[in-house]
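Engineer: This is the structure I want to talk about, given as structure tokens.
The values are calculated or read from the model by the stated rules, or taken from the named source; none is laboratory data. Note that the coordinates shown come from a computational prediction; the quantities given were computed from them, not determined experimentally. Virtual Cβ from ideal backbone geometry, glycine too; neighbours counted across all protein chains shown. Ligands, DNA and RNA are stripped out before the accessible areas are found, and what is left, the full protein with its side chains, is counted by its heavy atoms. Shrake-Rupley method; radii C 1.70, N 1.55, O 1.52, S 1.80 Å.
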Amino acid sequence: MKSMQTLTQRLANPTRFMELSRAILPWIAAGAALFIAYAMYLVFFVAPPDYQQGETVKIMYIHVPSAWLALMGYSIIALSSFGLLVFRHPLADVSAKAAAPIGAAFTLAALITGSLWGKPMWGTYWVWDARLTSVLILFFLYLGLIALRSSLEDEALAGKLTAVLALVGVAILPIIKFSVDWWNTLHQPSTGFTSSVDPSMRTPLLLSAIGFTLLFIALHLKGMQNEILRRRVKTLRLAEIERGDRAFSERVE
Amino acid sequence: MDLGPHAAFIWASYAAFAAIIGLLIGWTLLDGWRQAKALADADRRGLKRRSDRTANQGQKTS
């Protein structure tokens, strides 16, 4: 128990986090680049066309990882928000803030690639069915979290309010995941990594998912580093202003 | 490479995806550069965090 606490305390230290993340970030970024490059080689030069969808199945290799990372991003925000509100973990708010724009970007990517896949397959770019609508709500939730945080000057209050909103919004995750089972939707049921997909398509899909997940982690770590630096700069500037104010009032007195 | 009759949709998907992820990577790196520069500027102006001052004092006394 004592060693567990020590480990948590060690990881909670922003300076230690900066050291650790600086050491592992290049390796994660390099791993992401390798996985994505190899996956794209398989997608465009090896993977066969689908017997029904033809070559449009190539959109799957970016659409499915985007959708998966859209959900993972929100899960990270929800867990970090829980960590902030319950454990007051010093890095939890930094993690939640850094994950929001990345999750929003992958959600937007999932919506656009899905729409461009839908037109040739369904005959329409958009339908208001359960899966598509719930992912659109997720995108608005991300934007809401970013907007709420940036609208408040007080960093601590902004973090807490955003965390509450993030935890309320977590209900969208099971709705997105099971929407294709609960309702009659145009979107096909999830078959992403299951054995019903032929290995010639499953392998590049899996590699693409691993590659973009590593990219997400790398961007999240870099975003957290940026946020820690931003807070340090802000603290220094506030201290400078305080010192200036104190010197001014001493002179006036 | 023949991507069939729906090639435009495939290329548009990959182009949109590359643009979104490219912008995200670029924005993250630019933000990191900006924050590092702001911290370096503060350092040049003699602004130091309490922990840095303590570490420096420790080095001087040891």
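Engineer: List every residue whose amide H lies under 5 Å from the amide H of A:H89, counting only residues 5 or more places away in sequence or on a different chain, with H placed 1.01 Å from N in the peptide plane.
Structural biologist: Sorted by chain and number, the residues that satisfy this are A:L84.
Engineer: Kyte-Doolittle mean at least -0.5 and Cα extent at least 30 Å along the axis: which DSSP H helices of chain A qualify?
Structural biologist: A:14-45, A:60-82, A:92-122, A:130-151, A:199-252
Engineer: Any idea what diffusion coefficient the stretch A:127-252 gets from Stokes-Einstein, in µm²/s, Kirkwood Rh on alpha carbon pairs, 10 °C, 1.306 mPa s?
Structural biologist: Once the numbers are plugged in, D ends up at 84 µm²/s.
Engineer: Moving on to the next point. Rounded to the nearest whole Å², what accessible area per residue is found for the stretch A:1-142 with the 1.4 Å probe?
Structural biologist: The answer is 49 Å² per residue.
Engineer: In whole Hz, with x marking every Gly and Pro, tabulate ³J(HN,Hα) for the stretch B:11-23 from phi via Karplus 6.51 cos²θ - 1.76 cosθ + 1.60, θ = phi - 60°.
Structural biologist: My calculation for the stretch B:11-23 gives 5, 5, 4, 5, 5, 5, 4, 5, 5, 5, 5, x, 4 Hz in order.
Engineer: What number, in percent, do you get for the relative contact order of the stretch A:96-189 if the mean sequence gap of Cα pairs under 8 Å and at least 6 apart is divided by its residue count?
Structural biologist: Relative contact order for the stretch A:96-189 comes out at 32 percent.
Engineer: What does the charge count around A:P204 come to, taking other residues whose C-beta lies under 13 Å from its C-beta (Lys +1, Arg +1, Asp -1, Glu -1)?
Structural biologist: 0
Engineer: Ignoring chymotrypsin sites (Phe, Trp or Tyr not before Pro) that are buried or in helix or strand per DSSP, and keeping those with at most 15 other beta carbon atoms within 10 Å, what is the longest stretch of chain A between them?
Structural biologist: Of all site-free stretches, the longest is A:52-124.
Engineer: Which residue fluctuates most in the GNM of chain A (Cα springs below 10 Å): A:A70, A:A47, A:A110?
Structural biologist: With Cα springs under 10 Å in chain A, the top fluctuation among A:A70, A:A47, A:A110 is at A:A47.
Engineer: Moving on. Over the stretch A:4-127, what relative contact order in percent results from Cα pairs under 8 Å that are six or more residues apart?
Structural biologist: Worked out over the stretch A:4-127, it gives 24 percent.
Engineer: Please turn the phi angles of the stretch B:37-47 into ³J(HN,Hα) values with the Karplus equation 6.51 cos²θ - 1.76 cosθ + 1.60 (θ = phi - 60°), one per residue in order, whole Hz, x for glycine and proline.
Structural biologist: 5, 4, 5, 5, 4, 4, 5, 5, 7, x, 7
Engineer: List the pair-distance distribution P(r) of the stretch A:13-138, using every Cα-Cα distance, as the percent of pairs falling in each 10 Å bin from 0 up to the bin containing the longest distance, rounded to whole percents.
Structural biologist: Pairs per bin, as whole percents: 11, 29, 31, 19, 8, 1.
Engineer: Rounded to the nearest 100 Å², what is the sum over both chains of accessible area buried where B meets A, with a probe of 1.4 Å?
Structural biologist: Its buried surface, counting both partners, is about 3100 Å².
Engineer: Measuring from the lowest to the highest alpha carbon on each principal axis, how far does chain A reach, largest first, in angstroms?
Structural biologist: Here the spans come out as 84, 39, 38 Å, largest first.
Engineer: Considering Cα pairs under 8 angstrom that are at least six residues apart, work out the relative contact order of chain A and quote it in whole percent.
Structural biologist: Over chain A, the number comes to 30 percent.
Engineer: On to the next question. Report, to the nearest whole %, how much of the accessible area of the stretch A:194-253 belongs to carbon and sulfur atoms, 1.4 Å probe, protein only.
Structural biologist: C and S fraction of accessible area: 61 percent.
Engineer: Given only helices, namely DSSP H runs of n ≥ 4 each adding -39500 (n - 2.57), what is the per-residue ellipticity at 222 nm of the protein assembly as shown, to the nearest 500 deg cm²/dmol?
Structural biologist: Mean residue ellipticity, 222 nm, calculated: -28000 deg cm²/dmol.
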